[in-house]
Amino acid sequence: MTQLANEHKAINLSQGFPSFEPPLRLLELVNHYLHAGANQYAPPNGVATLREALAAKVDRMYGRVVDPDHEITISSGATEGLFSAIQALVRTGDEVIVFDPAYDSYAPAVTLAGGHTRHLPLRVTEARPAFHIDFDELADAINARTRLIIVNFPHNPTGVNITAADLQRLAEVVRDTSVYLLSDEVYEHIVFDNEQHHSLLSHEELWPRSIVVSSFGKTYHATGWKVGYCMAPAELTVEFRRVHQFTCFAVVTPIQHALADYMTEAPDHFAELPKFYQKKRDHFCALLKNSKFTFEPAQGTFFQLLDYSAISSESDVDYARRLTKELSVASIPVSVFCEQPPAGQKLRFCFAKDDAMLEDAAERLCRL
Ligand SMILES: Cc1ncc(COP(=O)(O)O)c(C=O)c1O
């Protein structure tokens with residue numbers, strides 16, 4: 001969609017990247033380390049100060065004491081973390097459960113590991129209108145071949161969060177199984193309306209069987225740096241590192257040093273981020289109030305789903321293409337995140353953009 005957006009000079013609300021820069025001080029720190037000789041290979045597990053800063057963060061935020069030497073590995077973006085975790089855990093013939101709509105990197109990594117991806121839909125019901133896991137369906141899907149369940153909250157593309165009660169239900173469902181959990185938490189710091197993120201790190205029973213992956217890209221407006229991390233109990237980290245060593249070996253050195261310093265210097269960044277993005281979400285939603293789109297404001301992430309069923313009965317792929325070409329507004333059709341086309345007609349719009357861009361896009365969308 002970004003390619004199509006560029007071809008048609010459309011306002012690109014499709015791909016999930018911010019249109020603003022990382023904090024200035026962080027850029028200064030990167031610049032400093034580039035000129036201070038931090039330009040050779042980093043340790044394969046990651047720069048020690050960065051792993052220590054992350055350990056302090058998860059202790060503070062999720063009450064989890066993680067050993068920076070044996071339970072944290074810096075990865076080349078969350079993407080490599082997810083990929084290496086899947087290669088480490090999944091063997092030929094294993095089943096891996098994902099919830100559709102699902103981020104697009106999970107299934108190909110499972111296929112490459114020789115596994116089979118089982119897609120369960122996130123459900124929307126009258127009693128619970130926000131997308132959520134149906135835990136009875138999940139319990140029915142688990143069998144002797146199930147090796148791994150991949151969860152992603154705050155969720156791309158639907159913008160929903162997981163609740164503490166959901167985590168408890170998940171614990172009950174996997175309790176008597178040997179299933180592992182891979183939790184993609186790249187939007188962990190972008191949660192709105194005074195809610196909090198419920199990390200798998202925070203759950204006593206789930207943590208021993210979990211690999212938690214996150215990314216600095218979303219948190220510091222620096223998706224192009226591709227620096228992420230993986231936290232897992234020591235015995236899982238050993239397996240993870242066996243793959244990581246030969247997938248990317250080590251991650252960009254000066255940026256790791258800079259992130260470590262910035263995390264220590266600006267611990268309030270995590271508290272500011274939800275407010276910053278909530279303002280964007282509220283602005284975008286307010287601009288669309290009188291449009292024909294229907295929507296539930298995102299609970300987290302920087303994505304807003306808009307339902308266009310009152311405007312057109314076209315497929316979401318056709319409609320997204322048409323909006324890009326004719327209206328010059330690019331979005332992502334939700335069906336591309338699904339094995340089976342989902343019920344409803346929904347497009348995903350990224351609101352991590354300058355207000356002027358959001359205003360221009362909304363003005364065009366209100367014409368429909
Ligand atoms: C749900 C989800 N997981 C993983 C990633 C990849 O993160 P990174 O850019 O750090 O590899 C993204 C990026 O859009 C994402 O939305």
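The values are calculated or read from the model by the stated rules, or taken from the named source; none is laboratory data. As the structure is a computational prediction, the values presented were derived from the model and not from experiment. When we count neighbours, we look across all protein chains shown, and the Cβ atoms used for this are built from the backbone with ideal geometry, even at glycine.
Details
- In the range 74-125, residue surrounded by the fewest Cβ atoms within 10 Å (Cβ to Cβ) [restricted to those that are in a loop (DSSP other than H, G, I, E, B) and within 16 Å of the ligand (Cβ to nearest atom)]: Asp104
- Screening Phe216 with (1) surrounded by fewer than 18 Cβ atoms within 10 Å (Cβ to Cβ); (2) farther than 14 Å from Tyr62 by Cα; (3) of a type outside the set (A, V, I, L, M) gives one miss only, at (1).
- Considering residues of the range 301-355 that are of a type in the set (Gly, Ala, Ser) and surrounded by 15 or more Cβ atoms within 10 Å (Cβ to Cβ) only, the residue nearest to Lys218 (Cα to Cα): Ala352
- Members of the range 144-177 found to be among the small types (Gly, Ala, Ser) and crowded, with 24+ Cβ neighbours inside 10 Å, listed by number: Gly159
- Across the range 33-55, the qualifying residues are those that are part of a helix (DSSP H, G or I) and under 26 Å from the mean Cα position of the chain (by Cα), and the one among them that is farthest from Thr219 (Cα to Cα) is Ala48.
- Taken over the range 209-220, the criterion of being small (Gly, Ala, Ser) and within 14 Å of the ligand (Cβ to nearest atom) is satisfied by Ser214, Ser215, Gly217.
- The lone exception for Val65 - which of (1) touching an Asp or Glu at 6+ places or on another chain (Cβ under 7 Å); (2) surrounded by 14 or more Cβ atoms within 10 Å (Cβ to Cβ) it fails: (2)
- Total residues in the range 98-123 satisfying the condition of being farther than 19 Å from Ile332 by Cα and touching a His at 6+ places or on another chain (Cβ under 8 Å): the figure is 3.
- Looking only at the range 219-236, and only at residues there that are of a type in the set (A, V, I, L, M, F, W, C) and either free of Cβ contacts under 8 Å to residues at least 12 places away in the same chain or in contact with a strand residue (DSSP E or B) (Cβ under 9 Å, 6 or more places away or on another chain) (or both), the one that is nearest to Met61 (Cα to Cα): Met231
- Filtered residues of the range 56-73 (kept if in a helix (DSSP H, G or I) and either modelled with pLDDT under 95 or under 20 Å from Asp184 (Cβ atoms) (or both)): Lys57, Val58, Met61, Tyr62
- Odd one out for Lys280 among (1) more than 17 Å from Lys353 (Cβ to Cβ); (2) touching a residue at least 24 places away in the same chain (Cβ under 8 Å); (3) among the charged types (D, E, K, R): (1)
- Whichever residue in the range 149-208 is in a helix (DSSP H, G or I) and in contact with a strand residue (DSSP E or B) (Cβ under 6 Å, 6 or more places away or on another chain) and, among such residues, is nearest to the ligand (Cβ to nearest atom): Leu200
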